[in-house]
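Asker: Please find one structure pasted underneath; my questions will follow.
The values are calculated or read from the model by the stated rules, or taken from the named source; none is laboratory data. Please read these numbers as outputs of a predicted model, since none were measured by experiment. Backbone-built Cβ (ideal geometry, glycine too); neighbour counts: all protein chains shown. When the accessible area is computed, the model is the full protein with side chains, heavy atoms only, and any ligands, DNA or RNA have been set aside. Shrake-Rupley method; radii C 1.70, N 1.55, O 1.52, S 1.80 Å.
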Amino acid sequence: MDHTPRGGLEVGQWFGRFQRSLELSLPESLASEEDQGSLRDVRADRREKGIWITVTFSMASHPGVVFEWNRNVVPDLSADWDPEFASMLFRTHLIEWYHTEAKRRPPAADGVVRD
């Protein structure tokens, strides 16, 4: 991938800092929600056109349901933001998606609500 993240970091350096920040802060962000969330998994998927993050989580207010949200982080977030700020944006958008869309949708047959 031909991309230089903001600040001149290499893609691997930028993504490493982003991922560390996300993994440290996301469980607490979900747990502090009134619906009492818990993180199940964070996966990185390197594709031809970038790096995507998929997060799965559950909420106590929706027993038996898993929520799955994924977004491109390199280059979509890395072009404009430093890794720690991008991590905060990612968390904010994930929680916004849950409150504005996901919790209102019925799960698929496998019990998962996907974006």
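Asker: Suppose the filter is modelled with pLDDT under 95, crowded, with 16+ Cβ neighbours inside 10 Å and of a type in the set (S, T, N, Q); does S78 pass it?
Answerer: Yes: the conditions hold for S78.
Asker: A follow-up question, please. Taking R104 and the conditions (1) open to solvent by less than 50 Å² (accessible area, probe 1.4 Å); (2) farther than 29 Å from G16 by Cβ, which numbered condition does it fall short on, given that it satisfies the others?
Answerer: For R104, the failing item is (1).
Asker: V73 fails exactly one of the following numbered conditions: (1) open to solvent by less than 30 Å² (accessible area, probe 1.4 Å); (2) within 18 Å of Y98 (Cα to Cα); (3) in a strand (DSSP E or B). What is the number of that condition?
Answerer: (2)
Asker: If I ask for residues that are on the phi > 0 side of the Ramachandran plot and of a type in the set (G, A, S), which ones from region 35-84 would you list?
Answerer: G50, G64
Asker: Could you list, ordered by first residue, the pairs with Cβ atoms under 9 Å in which the first is in region 2-26 and on the phi > 0 side of the Ramachandran plot and the second is buried (at least 16 other Cβ atoms within 10 Å of the Cβ), at least 6 apart or interchain?
Answerer: Between residues of region 2-26 that are on the phi > 0 side of the Ramachandran plot and residues that are buried (at least 16 other Cβ atoms within 10 Å of the Cβ), the close pairs are G7/W14; G7/D82; G7/P83.
Asker: Identify, from the list F90, F85, the residue that is modelled with pLDDT of 95 or more, under 23 Å from E10 (Cβ atoms) and under 14 Å from the mean Cα position of the chain (by Cα).
Answerer: One residue alone meets the criteria, F90.
Asker: If you don't mind, there's one more thing I want to ask. If you go through region 46-59, how many residues are open to solvent by 60 Å² or more (accessible area, probe 1.4 Å) and either within 10 Å of the chain's Cα centre (by Cα) or at pLDDT 95 or above (or both)?
Answerer: Summing the residues that are open to solvent by 60 Å² or more (accessible area, probe 1.4 Å) and either within 10 Å of the chain's Cα centre (by Cα) or at pLDDT 95 or above (or both) in region 46-59 gives 1.
Asker: Now, a different point. Within region 38-55, can you find the residues that are without any contact (Cβ under 8 Å) to a residue 24 or more places away in the chain and closer than 25 Å to R105 by Cα?
Answerer: S38, L39, D41, V42, R43, W52, T54
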